[in-house]
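Scroll down for the structure; my scribbles are underneath it.
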Amino acid sequence: MTDTYVTGAVIKRLREKKNLTQEELAQKIFVTSKAVSKWETGRGFPDISLLEPLAKALCISIIELLSGDCIQNTNKAANMMKAHIYVCPVCGNVIHSCGESVVSCCGIPLPSQDAELPDIEHAINVQIVEDEYFVSVNHSMTKEHYISFLMAVSGNKTQFVKLYPEQNAEARFKIDGVTSLYAYCNRHGLFKLNRMPIALPRISL
């Protein structure tokens, strides 16, 4: 078994959290209570074919079962400013959720990215051009080291621009309600800018 396979301690903890006896859990997945007891005492492992029904019986995902963590999304209002960003290190896929989620890609469970304040190398520059923010990052854009995407987030929406090597690290976003900007470096991770320039009202002459 690999280190990521479900352990007896995890099964026991999750079962007790659901207030299930070994017999009740066994009935839900059509095994014997002795089988559950063996798993929980480390004298055996559930067959891989049982992982899906076991996770369902414990009301969690298979990824949560294997990791031993139960994810509860507390962002009930689906506020975009409390959203999470997940990036696959294998294919570069970007997943954006309105709250905490269990996410995997290319067979890898993905952690939510922790955004840092921009440093000199990853400074996020913002200019106002009419009703848009012109956003740029003075960063190399080689095939080995580049800014992968830029994102603008407001309370009810996100604006996302995917970037590729050998192009400029820049994008335009509608100003409407934007409260923060993100830039993702494929080597150094996620950076976030919270202070946005104020757009002055346009005056008609």
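With springs only between Cα atoms under 10 Å, which of VAL36, VAL90, VAL135 fluctuates most in a Gaussian network model of the chain?
Largest GNM mean-square fluctuation: VAL90.
How would ASP176, ASP119, ASP114 rank on accessible area, largest to smallest, probe 1.4 Å?
On the way: ASP176 105, ASP119 70, ASP114 125 Å².
The ordering from most to least exposed comes out as ASP114, ASP176, ASP119.
Going by amide H atoms built from the backbone, whose H comes under 5 Å of the H on HIS188, apart from near neighbours?
When sequence neighbours closer than 5 places are left aside, there are no close amide H contacts.
Answer rounded, prolate or oblate for the range 1-64, using the Cα gyration tensor with square roots of eigenvalues a ≥ b ≥ c: rounded when a/c is under 1.5, else prolate when a/b is larger than b/c, else oblate. Numbers along the way, then the final one.
Numbers: a/c = 1.35, a/b = 1.14, b/c = 1.19.
Rounded, since a/c falls under 1.5.
List the lysines whose alpha-carbon lies under 27 Å from that of LYS28, not counting same-chain residues fewer than 8 positions away?
Counting by Cα, and skipping residues close in sequence, LYS28 has these lysines nearby: LYS12, LYS17, LYS18, LYS38, LYS56.
Hey, can you grab everything whose amide H is under 5 Å from the amide H of SER180? Only 5+ residues off in sequence or another chain; H modelled, so Pro and N-termini drop out.
The list, which skips near neighbours in sequence, is VAL153.
In whole Hz, with x marking every Gly and Pro, tabulate ³J(HN,Hα) for the range 110-119 from phi via Karplus 6.51 cos²θ - 1.76 cosθ + 1.60, θ = phi - 60°.
9, x, 5, 6, 8, 7, 9, 5, x, 9
What does the charge add up to near ALA152, with Lys and Arg as +1, Asp and Glu as -1, over the other residues with Cβ less than 12 Å from its Cβ? Please report the intermediate quantities before stating the final value.
Working: positive: LYS157, ARG172, LYS174, LYS192; negative: GLU132, ASP176.
The answer is +2.
Could you pull the accessible area for GLU24 with a 1.4 Å probe, rounded to 10 Å²?
Counting only protein heavy atoms, the figure is 80 Å².
Looking at [x] 22.8, 83; [y] 16.5, 49; [z] 18.3, 54, which value of Rg and Dmax of the Cα atoms in Å comes from a calculation on the structure shown?
[x]
What lysines does LYS157 reach when the alpha-carbon gap must be under 22 Å and sequence neighbours fewer than 8 apart in one chain are set aside?
LYS76, LYS82, LYS174, LYS192
Compute a Gaussian network model of the chain, connecting alpha carbons closer than 10 Å, and tell me which residue from SER148, SER112, SER33 fluctuates the most.
Between SER148, SER112, SER33, it is SER33 that shows the largest mean-square fluctuation.
In percent, what relative contact order does the chain have, based on Cα pairs under 8 Å that are 6 or more apart in sequence? Don't jump to the answer; show the numbers that get you there.
On the way: 335 pairs, mean separation 27.9, N = 205.
Value for the chain: 14 percent.
Residues of the range 147-202: accessible area per residue at 1.4 Å, in Å²? Write down the numbers at each step before the final one.
Numbers: 3070 Å² over 56 residues.
Result: 55 Å² of accessible area for each residue.
In whole Hz and in residue order, list the ³J(HN,Hα) couplings for the range 15-23 that follow from phi through the Karplus curve 6.51 cos²θ - 1.76 cosθ + 1.60, θ = phi - 60°; x for Gly and Pro.
With the stated coefficients, the range 15-23 comes to 5, 5, 5, 8, 6, 9, 7, 4, 5 Hz.
For the range 167-195 and the range 82-145, write down the distance between their C-alpha centroids in whole Å.
7 Å
Counting only the heavy atoms of the protein chains, how much of LYS38 is accessible to a 1.4 Å probe, in Å² to the nearest 10?
100 Å²
Might you work out the accessible area of GLU170 for me, using a 1.4 Å probe with all protein chains in place, and round it to the nearest 10 Å²?
My reading of the accessible area for GLU170 is about 80 Å².
The values are calculated or read from the model by the stated rules, or taken from the named source; none is laboratory data. Every value quoted in this text rests on a predicted model; they were computed, and no experiment measured them. For neighbour counting, all protein chains shown are included, and Cβ atoms are generated from backbone atoms with ideal geometry for every residue, glycine included. Surface accessibility is based on the protein's heavy atoms, side chains included, excluding ligands, DNA and RNA. Shrake-Rupley method; radii C 1.70, N 1.55, O 1.52, S 1.80 Å.
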